[in-house]
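As structure tokens, the structure follows; a few thoughts come after it.
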Amino acid sequence: MARVVQKYGGTSLQTTERIRLIADRVIRDQEQSSELVIVVSAMGESTNQLVKLSGEVSSCTSGRETDLLLSAGEQISSALLALAIQERGREAVALTGVQAGIETEDIHGDARITAVHTAKIEKELDAGKIVVVAGFQGCAGNQEICTLGRGGSDTTAAALAAELRADRCEIFTDVDGVYSADPRYISGAKKHTSLDYNHLLTLADLGAEVVHPRAVVHAKEHQIPLVVRSSFHDQEGTNIQHYDRAASPVVGVTFQNGFSRIQVSGEIEEKEILEGLTDAGGLLGKVQLSQRHASIMIKDEYVQEISLLLNKRRNAFGIHSIHHTEGMAAVHVVFGSRDEKRRLAPLLNEKQLVSSGDVYALECHPLVWSAVVPEEHAVGAAQELHDWFMEMESKKASIAL
């Protein structure tokens, strides 16, 4: 009998009608000889609504009480889905993250999972029940509820799949797989039938929002196959596991908004600057313009902190002046291998992104070519780059014929 962990996102559970449809799907999957553990997110926009309610009663942002409040969203989803399954004559049990044995760091708002104790889940599976777990949450050693941050339900599902030695972990979402670019913004994006863990992890780290990076890390470390597919139909999704080589020279194009470019000049010690900033957080990569000038991409929320750090250590870093420009974005091309990057990146360095004005190459990852563009041109630049590599793939296919 196969053992499968499934995760359903908030869009999949947005209404009670959708919850009933998911219950039907879960029962159908169980009938195909599967032991099922279901991990759920909060319904639709309910997490945002809980945040809004918190703001209406208090300006205090206490991590403890906020985590206690926000964890309720997933608990509601798990209880409703278990009830819907029971209504259809099947045995199901809803568990909070704590009841499911999810142990976390003692950090509120963005905790990492430190251990998973599955005795309770194993007992319920042995009794023939479908287990529905509230994602996004766990319990620290001091018995405090801690949430896992953005994408926490993905991470819950992958961690459970690893500890339960599941045959696979299925991530159900509102898209039917992992694409070569975000199909909401980029026309002509193509769905991957398969991807290597490392390629999905790179895409996720650089702006693709299909699966959270921490979930990919759990799956990769324990060699648990991931499947990304749609909640709304039965089409095949994208299978993620270890593959020796990518099917395409270019895996995908992503973009990230919300960055500032900090420009420094002087007799700069580039290595010391980058090492100093890495510890501070928020660093995407750097653009080396010359020996006396460099630009560094920083997430907007870290600009003040890092500007203060640079000013404080400007003598040690050899900096004469500091300027920063807001409203910047990074556009990324993720290659299938380092060899493909070495072969194709020089062509990209020569390419003029006509929609983007000033473009600066960015160093941030061994599999990635990146460029800094004004935020308003990010989608246009990503579209141009995607069109470029799709045309290249088409020419390659024609030659092969």
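The values are calculated or read from the model by the stated rules, or taken from the named source; none is laboratory data. Computed from a prediction, not measured in an experiment: that's the story for all the values here. We place every Cβ from the backbone using ideal geometry, glycine too, and count neighbours over all the protein chains shown.
Things to note:
- Filter result for Ala159 (farther than 30 Å from Ile107 by Cβ and either modelled with pLDDT of 95 or more or buried (at least 24 other Cβ atoms within 10 Å of the Cβ) (or both)): no
- Count - residues of region 297-329 that are modelled with pLDDT under 80 and closer than 24 Å to His365 by Cα: 1
- Failed item in (1) over 30 Å from Met1 (Cβ atoms); (2) touching a Ser or Thr at 6+ places or on another chain (Cβ under 7 Å), with Val39 passing the rest: (1)
- Selection of region 162-176 for residues being of a type outside the set (Val, Ile, Thr) and modelled with pLDDT of 95 or more yields Ala162, Glu163, Leu164, Arg165, Ala166, Asp167, Arg168, Cys169, Glu170, Phe172.
Quick grid of which residues meet (1) touching a Phe, Trp or Tyr at 6+ places or on another chain (Cβ under 8 Å); (2) of a type in the set (A, V, I, L, M); (3) without any contact (Cβ under 8 Å) to a residue 12 or more places away in the chain:
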{"position": "Leu36", "(1), (2), (3)": "no, yes, no"}
{"position": "Ala42", "(1), (2), (3)": "yes, yes, no"}
{"position": "Leu53", "(1), (2), (3)": "no, yes, no"}
{"position": "Glu87", "(1), (2), (3)": "no, no, no"}
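- Residue tally, condition in a strand (DSSP E or B) and under 12 Å from Leu226 (Cβ atoms), over region 176-204: 3
- In region 352-362 there is at least one residue that is modelled with pLDDT under 80 and closer than 30 Å to Tyr243 by Cα.
- Considering residues of region 187-230 that are crowded, with 22+ Cβ neighbours inside 10 Å and more than 16 Å from the chain's Cα centre (by Cα) only, the residue nearest to Val372 (Cα to Cα): His192
- Among the helices (runs of 4 or more DSSP H) confined to region 54-172, the ones with at least 3 residues that are of a type in the set (S, T, N, Q) are located at 63-87, 152-163.
- The requirement of being in contact with a His (Cβ under 9 Å, 6 or more places away or on another chain), farther than 24 Å from Ala100 by Cβ and not hydrophobic (A, V, I, L, M, F, W, C) is not satisfied by Ser58.
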